[in-house]
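Below: one structure, written as structure tokens.
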């Protein structure tokens, strides 16, 4: 009977499309033969057999074990009602009559993703600071998600958002950050899924420089590809090439790391010569950067948020603070 320590597996793709999921990956158990694989969906009434298991896998054989030559599967799987977006596992049936169950399929798919790794590299870098505060821009727990608990205990945490709400310590506009909190207040600042909603992200980059101590770190997670959302405050999309435009020597930063993560495919709803090749082109749901403050910026962008994007932000938060 094989144990889970002998299991090698990877999910390359598990993308839901309405009531079906395109599932692709491979599984191999050292010293045992897999004769069948089932997907175990929490919302389903029973296991779903992956009938394609046994496809040729020369890449797996070369990297893992020569006997893993037919370890792949790739097929459309019918999703039970209510399953889309929910995690699931796989059950591997072995030739000796025993079975192994995997851990999270979603986590397996994320493992090795450059965007997720960039976030954890930032959290690891925070451990090097002896003290000080970390600022989260856009901290409001709209979906009950908070990151306060991820910051090292030796650092303080300040959650800032343009609106009051759960997990918000400070209400203010990121475009006016230094006027709200004062200069050189933080050893680190970070935001997740916020920069696409900033009317002038270059101005926020300047403001971040002013509120960070020398050597302070910035982490930003935003979107390279994503549908329109939070209208009318959805302004920008970012790639790896965006970040040096915002964080550079003139704005007072050096780039530590950039990463695009969560690979995606774009499909047009109309077939056309222009759209037909979209799914074959690279796309990523996220774009991420870690930058370090290396000096003080002398740049200014004296454009009020209300002028740059009239009517887009809560009116009560757009009054320019006194300087």
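Describe numerically, in nm with one decimal, the distance between label points set 7 Å from Cα along Cα→Cβ at residue 278 and at residue 296. Inter-label distance under the simple model: 4.8 nm.
Give me 238, 17, 157 sorted ascending by neighbouring Cβ count inside 10 Å, so fewest comes first. Display every interim value, and only then the final one.
Details: 238 25, 17 12, 157 20.
With the fewest neighbours first, 238, 17, 157 line up as 17, 157, 238.
To the nearest ten degrees, helix 201-211 and the longest principal axis of the Cα atoms of the chain are 70 degrees apart.
Of all DSSP beta bridges located in the stretch 114-317, what percent are antiparallel, nearest 5?
Values: 16 of 32 bridges.
Counting DSSP beta bridges with both partners in the stretch 114-317, the antiparallel share is about 50 percent.
With contacts taken as Cα pairs under 8 Å and at least 6 residues apart, the chain reaches a relative contact order of 13 percent.
Angle of helix 114-126 to the longest C-alpha principal axis of the chain, folded into 0 to 90 degrees and rounded to 10: 50°. Please report how far the C-alpha centroid of the stretch 95-130 lies from that of the stretch 1-77, rounded to the nearest whole angstrom. Centre-to-centre (Cα) distance: 18 Å.
Spin-label model, residue 117/residue 145: points 7 Å from Cα along the beta carbon direction are separated by 2.1 nm. Three principal axis extents describe the C-alpha atoms of the stretch 114-317; from largest down they are 55, 38, 37 Å.
Extension gain, residue 303-residue 76: 0.36 nm per intervening residue step, less the Cα-Cα distance, totals 76.6 nm.
Considering only 109, 71, 144, the Gaussian network model of the chain with Cα springs below 10 Å gives its largest mean-square fluctuation to 144.
Apply 1/(1 + (r/R0)^6) to the Cβ-Cβ distance of residue 184 and residue 13, taking R0 = 41 Å, and write down the FRET efficiency to the nearest 0.05. Let's see the in-between values first.
On the way: r = 45 Å, r/R0 = 1.11.
E(calc), rounded to 0.05, equals 0.35.
The alpha carbon gyration tensor of the stretch 103-163 gives principal lengths a ≥ b ≥ c with a/c of 1.5 or higher and a/b no greater than b/c, which makes the shape oblate. The alpha carbons of the stretch 169-258 stretch over 36, 29, 19 Å along the principal axes, in descending order. Please state the shape class of the stretch 1-121: rounded when a/c is under 1.5, otherwise prolate if a/b exceeds b/c and oblate if not, all from the C-alpha gyration tensor. Because a/c hits 1.5 or more and a/b fails to exceed b/c, the stretch 1-121 counts as oblate.
Got a sec? How would 154, 293, 203, 185 order by Cβ neighbour count within 10 Å, fewest to most? Let's see the in-between values first.
On the way: 154 11, 293 27, 203 23, 185 19.
Ascending number of Cβ neighbours within 10 Å: 154, 185, 203, 293.
A Förster distance of 41 Å, applied to the separation of the beta-carbon atoms of residue 170 and residue 86, puts the FRET efficiency at 0.75. Taking every DSSP helix (H) stretch of at least 4 residues in the chain, weighting each as -39,500 (n - 2.57) and dividing the sum by the residue count yields a mean residue ellipticity at 222 nm of -4000 deg cm²/dmol. Could you tell me which of rounded, prolate or oblate describes the stretch 52-159, using a ≥ b ≥ c as the square roots of the eigenvalues of the alpha-carbon gyration tensor, with rounded for a/c under 1.5 and, failing that, prolate when a/b is larger than b/c and oblate otherwise? Note, shape of the stretch 52-159 comes out prolate.
Tell me, 255, 34, 151, 137 in order of fewest to most beta-carbon neighbours within 10 Å? Please list the in-between numbers first.
Values: 255 15, 34 22, 151 18, 137 25.
Ascending number of Cβ neighbours within 10 Å: 255, 151, 34, 137.
Read-outs: derived from the displayed coordinates by stated rules, not from any lab. Quantities reported herein were computed from a predicted structural model and do not represent experimental measurements. Counting neighbours? That spans all protein chains shown, and the Cβs are built from the backbone with ideal geometry, glycine included.
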